[in-house]
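Here is the structure we will look at.
What follows is calculated from the coordinates using simple rules that are stated; it is not laboratory data. This structure is a prediction, so every number in the text was calculated from the model and none was measured. Positions of Cβ are generated from backbone atoms using ideal geometry, with glycine treated the same way; all protein chains shown enter the neighbour counts.
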Amino acid sequence: SSSEADEMAAALEAELNDFM
Amino acid sequence: TPSSSDVQLTEEAVRRYLIRKPMTTKDLLKKFQTKRTGLSSEQTVNVLAQILKRLNPERKMVNDKMHFYLTE
């Protein structure tokens, strides 16, 4: 679903923010 | 052949997409949908995060959204 896609994108961005 | 793993989430696959055009995290996630890779959502996020950290792509804002890209 699109909300799951949104959640995954948010989780991925959170992971990357720690790094970038 | 089962369709559950017809797409593989690999560094090389991500690299090819990012060389072709800038993409957001959501664009990338669409390319590696769980139903195509057979990975869980959590695995997908973790693996993609590791790959992006290794590739360390360039970043730019397009339409207020962060896009990643690579040059050859």
Flagged in the stretch B:21-72 as without any contact (Cβ under 8 Å) to a residue 24 or more places away in the chain, more than 8 Å from every other protein chain (Cβ to nearest Cβ) and hydroxyl-bearing (Ser, Thr, Tyr), in numbering order, are B:34, B:40
Within the stretch B:8-20, the residues that are within 16 Å of residue B:45 (Cβ to Cβ) and either in contact (Cβ under 8 Å) with a residue 60 or more places away in the chain or buried (at least 17 other Cβ atoms within 10 Å of the Cβ) (or both) are B:9, B:14
Exactly one condition in (1) part of a helix (DSSP H, G or I); (2) closer than 23 Å to residue A:3 by Cβ; (3) within 13 Å of the chain's Cα centre (by Cα) is false for residue B:67; which is it?
(1)
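Of all residues in the stretch B:21-64, how many are closer than 19 Å to residue A:4 by Cα, surrounded by fewer than 12 Cβ atoms within 10 Å (Cβ to Cβ) and of a type outside the set (Gly, Ala, Ser)? Don't jump to the end; show me each part of the working.
Taking the stretch B:21-64 and keeping what is closer than 19 Å to residue A:4 by Cα, we get B:23-49.
If we keep only those that are surrounded by fewer than 12 Cβ atoms within 10 Å (Cβ to Cβ) as well, we get B:35, B:40, B:42.
Checking the rest, the ones that are also of a type outside the set (Gly, Ala, Ser) come to B:35, B:42.
Total meeting the criteria: 2.
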